[in-house]
Amino acid sequence: MFSFFRNSLTLGHPFGIQVRIHGLFLFFVGALTFLAGLGGGIGEAFWTLILLSALFGCVTLHELGHCLVARHFRIRVRGITLFPLGGVAEIEQIGVSPRAEFWIAIGGPIVNIVLAFILTPIAYLSQGAFLAFFDTLLAINVAMAFFNLLPAFPLDGGRILRSHFSARWGNHLRATEKAVSIGQKIALVMGAFGLFYNPWLILIALFIYIMGQQELQMTRISASTPSPHHGPFPFTTSSHHPPHPSPGNHRPTRTIVIRLPFGTFHLPRR
Ligand SMILES: [Zn+2]
């Protein structure tokens, strides 16, 4: 178990998927609420707390979207943890077919699009503080859907692109190389824009660039390790029978994909 995931509190098990809240997250919410209270009194603190809870509710639903689709494809899901920077869904990576990858990736943004459709009439009918609240929540969901659908691997949109190349070429590594190369070009453009307009864009661009490179390396290692199962390429397999490394296999680790609403980490795991 990574120490990264310790110090977290279980919130519940929606659809049988464990949702945890990290200590850092509690501190973050507490600090922001306190600061809002200092600036604008108890009313401001109240709305800040409600908005943060709703925001992370939407993040959790986005991650649940990925997890539920993964589970539908019989891919192991380890749970969701809420961090100050977003939700983290741990989904196992071995034995994911292009078709499953496509649906898992699109499952998160679809949740935000559905939420945006639900929030539009609610915001329209609201007034005063409720209007500001639902308007903000609506904007956040639209932004989350669009940002994650950018074809910049390892964002959800980049994974959709990779699944397309994978299905077309039957070569997971080549598909990853192409998707990462496209993602890094987008990151460079984003970073250049950031220099002039918004420094946050530089950070996000760096994140996409580095994480893409890291996942490409992981894929190269996996591709060069003998695989215990048969298929056109190591990662293609029937989604109903995810392969398990046999005792004689030298594959060193299983890997999990850690998804954040603003991107995806790819970590080896025993
Ligand atoms: Zn996502």
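Structure notes:
- Taken over region 135-153, the residue count meeting the criterion of being farther than 16 Å from ILE204 by Cα and within 13 Å of the ligand (Cβ to nearest atom) is 1.
- Wholly within region 15-123, strands (runs of 3 or more DSSP E) carrying at least 2 residues that are within 14 Å of the ligand (Cβ to nearest atom): 77-83, 86-92
- Residue match in region 42-64 (condition: within 22 Å of LEU161 (Cα to Cα) and either at pLDDT below 90 or touching a strand residue (DSSP E or B) at 6+ places or on another chain (Cβ under 6 Å) (or both)): yes
- Close pairs from region 55-72: first in contact (Cβ under 8 Å) with a residue 40 or more places away in the chain and closer than 9 Å to GLY107 by Cβ, partner within 12 Å of the ligand (Cβ to nearest atom) and among the basic types (Lys, Arg), Cβ under 8 Å, at least 6 apart: HIS66/ARG259
The values are calculated or read from the model by the stated rules, or taken from the named source; none is laboratory data. If you're wondering where the values come from, they're calculated on a predicted model, not measured in any experiment. Here the Cβ is made from the backbone with ideal geometry for all residues, glycine too, and neighbour counts use every protein chain on show.
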